[in-house]
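Student: To start, I am sharing the structure in question, which I have written as structure tokens.
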């Protein structure tokens, strides 16, 4: 069920390729918009001097959307780094896709769950990981709901505080 260290290396290579495809501009810092009275502005600079560029509501939402996508992708990459460290520490690391219907095939448009030692710790979007590729590499286990495996990897009624604490303790 769990990934071998060689499979973890394959996953890391796939993630690295995805990061490189997104490019440095995707991860580049951008200042968030600010509301100043009735205006929405974004700090920027012109000729080295700070200025505030006025934005429409749609432009402001686009900036926040970009920031959210960037932060989510960074969090995803850090989760994969944590999974690599966990696997190197002998922990069980799995990529799972839960299916409600018996014998349903893998769905490349669905999400997968990164689990460490039976705890689902991160949901991965197809926007961040090419799911056909990871499935073709044999890295995803399809789990039918209601099975013993599904129960093992089910949410444990934990909060993110619990999960982060568990990960920190696990990797010490």
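All of the numbers you see were taken from the coordinates with simple rules; none came from a lab. None of the values given here were measured: they were computed from a predicted structure. Every residue, glycine among them, receives a Cβ derived from its backbone with ideal geometry; neighbour counts consider all protein chains shown.
Student: Could you check the stretch 99-118 and list, in sequence order, the residues that are outside any loop (DSSP other than H, G, I, E, B) and either touching a helix residue (DSSP H, G or I) at 6+ places or on another chain (Cβ under 6 Å) or crowded, with 21+ Cβ neighbours inside 10 Å (or both)?
Tutor: 112, 114, 115, 116
Student: A further question follows. Considering each residue of the stretch 18-34, count those that are surrounded by 12 or more Cβ atoms within 10 Å (Cβ to Cβ), under 18 Å from the mean Cα position of the chain (by Cα) and without any contact (Cβ under 8 Å) to a residue 60 or more places away in the chain, and give that number.
Tutor: 4
Student: Collect the residues in the stretch 134-149 that are in contact (Cβ under 8 Å) with a residue 40 or more places away in the chain, crowded, with 17+ Cβ neighbours inside 10 Å and within 18 Å of residue 80 (Cβ to Cβ), keeping them in residue-number order.
Tutor: The answer is 134, 139, 140, 141.
Student: Return a yes/no flag: does the stretch 9-17 have any residue that is touching a strand residue (DSSP E or B) at 6+ places or on another chain (Cβ under 7 Å) and surrounded by 12 or more Cβ atoms within 10 Å (Cβ to Cβ).
Tutor: no
Student: Might you let me know whether the stretch 68-91 holds any residue that is in contact with a strand residue (DSSP E or B) (Cβ under 6 Å, 6 or more places away or on another chain) and either outside any helix (DSSP H, G or I) or without any contact (Cβ under 8 Å) to a residue 24 or more places away in the chain (or both)?
Tutor: Within the stretch 68-91 (the criterion being in contact with a strand residue (DSSP E or B) (Cβ under 6 Å, 6 or more places away or on another chain) and either outside any helix (DSSP H, G or I) or without any contact (Cβ under 8 Å) to a residue 24 or more places away in the chain (or both)), the answer is yes, since at least one residue qualifies.
Student: Right, another one. Quick one: would you say residue 154 is over 14 Å from the mean Cα position of the chain (by Cα) and either within 30 Å of residue 29 (Cα to Cα) or in a loop (DSSP other than H, G, I, E, B) (or both)?
Tutor: yes
Student: Also: Those residues that are exposed (fewer than 11 other Cβ atoms within 10 Å of the Cβ) and more than 13 Å from residue 83 (Cα to Cα), I need them from the stretch 153-172; list them, please.
Tutor: Once the filter is applied, which keeps residues that are exposed (fewer than 11 other Cβ atoms within 10 Å of the Cβ) and more than 13 Å from residue 83 (Cα to Cα), the stretch 153-172 yields 155, 157, 159, 160, 161, 169, 172.
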